[in-house]
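Here is the structure we will look at, set down as structure tokens.
The values are calculated or read from the model by the stated rules, or taken from the named source; none is laboratory data. This one's a predicted model, so the numbers in the text were calculated from it and none came from an experiment. Counting neighbours? That spans all protein chains shown, and the Cβs are built from the backbone with ideal geometry, glycine included. Heads up: the accessible areas ignore ligands, DNA and RNA and are worked out on the full protein's heavy atoms, side chains in. Shrake-Rupley method; radii C 1.70, N 1.55, O 1.52, S 1.80 Å.
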Amino acid sequence: MDIGLTHYLVLAVLLFGIGLYGALSRRHAIVILMCIELMLNAANIMLVAFSKYTAYHQFDGQALVMFCFVVAAAEVSVGLAIIITFYRRRKNIDIRDVNLLKW
Amino acid sequence: MNLDMLRPEICLAVTAVAVIAVDLFCRIKWLVNITSVAGLLASICMALLLIGNSEQSIGNGLFILDNYAIYFKLLFLGIALLVILASTDYVKRLPKLHGEFHALLLTATLGAMLTAAAHDIIAMLLSIELTAISLYALVAMLKNTKSNESAVKYILLGAVNSAVLLFGLALIFGFSGSTSFTTIAAAVSTIQVGNIADHAGLLFGLVLTLAGFAFKIAAVPFHMWAPDVYEGAPTPITLFLSTVSKIAGLSILMRFMLTAFIQTDSLINNLGIILAIVSALTMTAGNLIAITQHNIKRLLAYSSIAQSGYMLIVVAVAAIGLHSAASISNLLYYLVAFAIAEVAVFSVIIIASRNADMDDISDYAGLAKRSPLLACAMTLGLLSLMGLPPLAGFMGKFFVFSQAAQNGLLWLVLIAVVNSVISAYYYLKIVRTIWMDAPASADAVKTSLAPKLALLISCTGILLLGILPALLNKAAEWGSFLALWN
């Protein structure tokens, strides 16, 4: 069986779904960040697959993936910094404790 | 490449770096403020010099220079200048973060300016993220429990949102074959009502992308982050979030929609109906929840959500009335009126909380007896947000509502008018507290020159635009020219 575009798309959608489910259901802030990484990487897989298997403008998608790496790294580093300050204050990173501000 | 057309942005980026250097090597802290204000003024001059250039793409189609982009650049630079002026006293509460505060504010403004000019998926994603990541750090800057908590909420939800946005953009890229808005438009134009099933991937991508924009402007199903983040963030950043960040989201939503959907009448009309429903839900939810609030920043957050609803009326009209230039110029007018009113109200809150948070509405009891000028400014801002004639907010609402009524959205206008009446209740509640209640202390609220200047500019703007709307109308009509097919 040849591996084609469809296989990559199915993989990407599955990864994205798993990531979104995890981000919405997990309580540990670091695990949520990991799930967000899964979602971003699902999009990256999709971009590379489209670049490879469609004829036009091959490098646009791959260039976008490079930029996505940078954006994801910046986002996670700021996120980890904020989570560390949260940990220093509360001594845990359970997002059920994020309950000071509501309604 | 003609990168020289990006002079305002380059100037702002250099200023941001210079601010960090000044903060690092120089002990005189007010030099940081001077540097950032000078950089913003230089950038404004360069943006003004761009007026009159023909429409052209910058950097091989990554960005575009048109009247619409220049108008938004000037708007963002102006608001950023007022925010920095208003917060000269407030930043003393962030002793070691003086330089970072200004530098990140400048990069966030830079991101917003690039967002308004983006004409390509890559450029759009990077500019949106530049604003968002700068703001994540700024929200956390106060280092107390509330600020920390709102930063955690903002970054986790914001990161999920950017992943959803990226996934949508990846689908659009895959099924249209290009990252350029123009080529995407050509691909979208092949969708008809009859063959929607063949284009499910592209449509799914568009839906995810629109959801990403809706998060940025805090439209209803995606608005829950806004009150929490606005309440915990440092007050100047709350002002920045509710003006620059939201307007940047709106500018790209408008450009993306009008560019990508321009050739598909049936699709854009259906989209217009959906946007009208979202708009009605947004203003109703914002106004109804605002009534019950006691914290002034939280109340203004819900009021700002409701204002997003009014702005979405224009976007819906633009979609249904097929991108008429008049509806875009209404949006541009409304945005300026909204921004200066927000600046006036928030500047007073920023001035009042120079030493400690003054977030409860009761903290402002009898402000009129303590500092009559501040009370007048805040009242002007609140009444303009409410839409009372002869203030700027009234003219903004008048243009928006009459345009919507002419384009067959009378039901939406009725809902909006009822909502304006509801909003009068909570705006006037604050006004009553300021003027009628007894003050807790008789001391005047201390202010220095720069915040007064910000207040003066915004209050003059509110009065001037209300009495002489033609002043800005010309500019808004000029700014409503989008380069649609470059």
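I'd like to check something: does the stretch A:18-32 contain any residue that is over 12 Å from the mean Cα position of the chain (by Cα), surrounded by 19 or more Cβ atoms within 10 Å (Cβ to Cβ), on the phi < 0 side of the Ramachandran plot and not β-branched (Val, Ile, Thr)? Checked the stretch A:18-32: at least one residue is over 12 Å from the mean Cα position of the chain (by Cα), surrounded by 19 or more Cβ atoms within 10 Å (Cβ to Cβ), on the phi < 0 side of the Ramachandran plot and not β-branched (Val, Ile, Thr). Where helices (runs of 4 or more DSSP H) fall entirely within the stretch B:205-277, those with at least 1 residues that are within 14 Å of chain A (Cβ to nearest Cβ) are at B:225-232, B:235-240. Counting only helices (runs of 4 or more DSSP H) that sit wholly inside the stretch B:59-178, those with at least 3 residues that are within 13 Å of chain A (Cβ to nearest Cβ) are B:98-117, B:121-139, B:145-176. Just so you know, in the stretch A:46-103 the residues that are among the β-branched types (Val, Ile, Thr) and not in a helix (DSSP H, G or I) include one that is surrounded by the fewest Cβ atoms within 10 Å (Cβ to Cβ), and it is A:Thr54.
The set of residues in the stretch A:1-17 being at pLDDT below 90, part of a helix (DSSP H, G or I) and open to solvent by 50 Å² or more (accessible area, probe 1.4 Å) consists of A:Thr6 alone.
Taken over the stretch A:11-63, the criterion of being more than 9 Å from chain B (Cβ to nearest Cβ) and under 18 Å from A:Arg96 (Cα atoms) is satisfied by A:Tyr21, A:Gly22, A:Ser25, A:Arg26, A:Arg27, A:His28, A:Ile30, A:Val31, A:Met34.
Count of the stretch A:57-103 residues, restricted to those that are hydroxyl-bearing (Ser, Thr, Tyr) and in contact with a helix residue (DSSP H, G or I) (Cβ under 6 Å, 6 or more places away or on another chain), is 1.
Restricting attention to the stretch B:179-200, the residues being surrounded by 21 or more Cβ atoms within 10 Å (Cβ to Cβ), aliphatic (A, V, I, L, M) and either facing chain A (nearest Cβ under 7 Å) or farther than 17 Å from B:Met257 by Cα (or both) number 0.
The residues of the stretch B:355-371 that are surrounded by fewer than 17 Cβ atoms within 10 Å (Cβ to Cβ) and outside any helix (DSSP H, G or I), listed by number, are B:Asn355, B:Ala356, B:Asp360.
Within the option set B:Ala290, B:Ala285, B:Ala260, B:Ala276, being small (Gly, Ala, Ser), closer than 24 Å to B:Ala344 by Cβ, modelled with pLDDT under 95 and over 18 Å from the mean Cα position of the chain (by Cα) holds for one residue only, B:Ala290. With respect to the stated conditions, B:Ile340 is buried (at least 24 other Cβ atoms within 10 Å of the Cβ), hydrophobic (A, V, I, L, M, F, W, C) and in a helix (DSSP H, G or I). When A:Met66 is tested against (1) facing chain B (nearest Cβ under 10 Å); (2) closer than 17 Å to B:Ile155 by Cβ; (3) at pLDDT 90 or above, only condition (2) is not met. I'd like to check which helices (runs of 4 or more DSSP H) are fully inside the stretch B:372-484 and have at least 1 residues that are open to solvent by 40 Å² or more (accessible area, probe 1.4 Å), at pLDDT 90 or above and not aliphatic (A, V, I, L, M). Where helices (runs of 4 or more DSSP H) fall fully within the stretch B:372-484 and carry at least 1 residues being open to solvent by 40 Å² or more (accessible area, probe 1.4 Å), at pLDDT 90 or above and not aliphatic (A, V, I, L, M), they are B:372-386, B:392-406, B:410-436, B:449-467. Cβ separations smaller than 8 Å between residues 6+ apart or across chains give the following pairs from the stretch A:85-99 residues that are under 17 Å from A:Ile32 (Cα atoms) to residues that are open to solvent by 80 Å² or more (accessible area, probe 1.4 Å): A:Thr85/B:Lys143; A:Ile93/A:His28; A:Ile93/A:Tyr87; A:Asp94/A:Arg27; A:Asp94/A:His28; A:Ile95/A:Arg27; A:Ile95/A:His28; A:Arg96/A:Arg27. Of the set (1) more than 10 Å from chain B (Cβ to nearest Cβ); (2) free of Cβ contacts under 8 Å to residues at least 12 places away in the same chain; (3) over 22 Å from B:Ser127 (Cβ atoms), all apply to A:Ala73 but (3). Annotation note: Cβ proximity below 9 Å between a residue of the stretch B:228-241 that is within 15 Å of B:Thr131 (Cα to Cα) and a residue that is of a type in the set (Asp, Glu) and crowded, with 24+ Cβ neighbours inside 10 Å (sequence gap 6+ or interchain) occurs for B:Thr238/B:Glu231; B:Leu239/B:Glu342.
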